[in-house]
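Laboratory data are not the source of any read-out in this text; all were calculated from the coordinates shown. This structure is a prediction, so every number in the text was calculated from the model and none was measured. Every residue, glycine among them, receives a Cβ derived from its backbone with ideal geometry; neighbour counts consider all protein chains shown.
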Amino acid sequence: MVRIAITKGRIEKDVYKLFKKCGFDVTPIETKDRKLQVKTRDDFEFIFAKSNDVLTFIEHGMADLGVVGKDTLEENDFNNYNELLDLNVGKCYFALAAYPNYKTKIFNGRKKIATKYPNIAKKYFSDMKENVEIIKLEGSVELGPVIGMTDAIVDIVETGSTLKANGLEVIEKISNISTRLISNKVSLKYKSEEIYNIVDKLNKVIREES
Ligand code: PRP
């Protein structure tokens with residue numbers, strides 16, 4: 001059995017499509033409803049979790065494979081995993097975003113930055129040699145500037161429509177993000193045949209599609 005932890009949300013459907021194109025059984029996933037764990041004909045057990053928890057399950061050896069965004073991998077300093085494949089879905093990027101006057105604005109004191117990704121934001125500003133105050137928000141980070149709490153945000157941009165709808169714009173693109181297949185290090189050793197069978201099939205489908 002191979003246990004695969006999938007990040008719930010936006011990328012789910014694209015990931016199942018990839019598994020289906022590989023010839024793997026995804027029927028139990030399509031009919032799972034609120035179930036958090038399903039088994040398939042291929043002797044896979046899929047579990048569905050929040051992105052940080054996918055990484056936690058992999059770190060603790062409770063899942064063999066994980067499907068998670070590069071954003072989650074970059075934000076956390078876990079290291080008990082191998083990154084096996086870029087699934088080429090969930091493509092977006094980290095950006096510094098703010099109102100258009102950000103560049104011309106004169107800042108008295110430290111800038112305030114809202115983000116769901118404090119480590120990414122800290123690294124970005126430290127690379128820029130800027131001393132800023134980072135304020136962690138759990139979501140709708142754009143509210144930082146909208147309610148006047150922060151000068152800017154460091155967040156994920158996909159279509160750009162959330163920024164646009166709130167009068168914000170990308171000040172600087174920081175790095176690209178996409179969905180990755182990761183494995184627990186021990187699983188890769190002891191279930192290498194099963195895991196590389198999955199990796200090879202996914203890789204073939206991804207190459208055919210790009
Ligand atoms: C993400 C991100 C932005 C938005 C960007 O939030 O934090 O708010 O998506 O997408 P766009 O460029 O296509 O508009 P998400 O919708 O995942 O929810 P959250 O803000 O509650 O975390």
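For the reader, a short list of remarks on this structure follows.
- Multiplying the residue separation of K201 and K17 by 0.36 nm and subtracting their alpha-carbon distance yields 65.0 nm.
- In nm, spacing of pseudo-spin labels at E74 and S210 (7 Å Cα→C-beta vector): 1.7
- Neighbour counting of Cβ atoms within 10 Å sorts the residues D25, D127, fewest neighbours leading, into D127, D25.
- Contour minus Cα-Cα distance for K91 and N176 (0.36 nm per residue): 29.9 nm
- Cα-based helix-to-principal-axis angle, 12-21 vs the chain, degrees rounded to 10: 30
- The overall shape of the chain is prolate: from the C-alpha gyration tensor, with semi-axes ordered a ≥ b ≥ c, the ratio a/c is 1.5 or greater and a/b exceeds b/c.
- Taking a ≥ b ≥ c as the square roots of the eigenvalues of the Cα gyration tensor, the stretch 98-152 is classed as oblate, since a/c reaches at least 1.5 and a/b does not exceed b/c.
- Between N119 and E169, the simple spin-label model (points 7 angstrom out along Cα→Cβ) gives 3.3 nm.
- All other residues whose Cβ lies under 14 angstrom from that of D53 are scored, Lys and Arg at +1 and Asp and Glu at -1, for a net of +1.
- Whole-angstrom gap from the stretch 91-169 to the stretch 28-58, using each part's C-alpha centre: 33
- Potential extension, S161-S140 segment - 0.36 nm per residue separation minus Cα distance: 6.3 nm
- Using the Cβ-Cβ distance between D127 and K50 with R0 set to 22 Å, the FRET efficiency from 1/(1 + (r/R0)^6) comes to roughly 0.20.
- Per-residue ellipticity at 222 nm, computed for the chain from helices alone with -39500 (n - 2.57) per DSSP H run of at least four residues, works out to -9000 deg cm²/dmol.
- Considering only K103, K123, K21, the mean-square fluctuation computed in a Gaussian network model of the chain, springs between alpha carbons under 10 angstrom, is largest for K103.
- Degrees separating the helix 118-127 axis from the principal Cα axis of the chain, which is the longest one: 60
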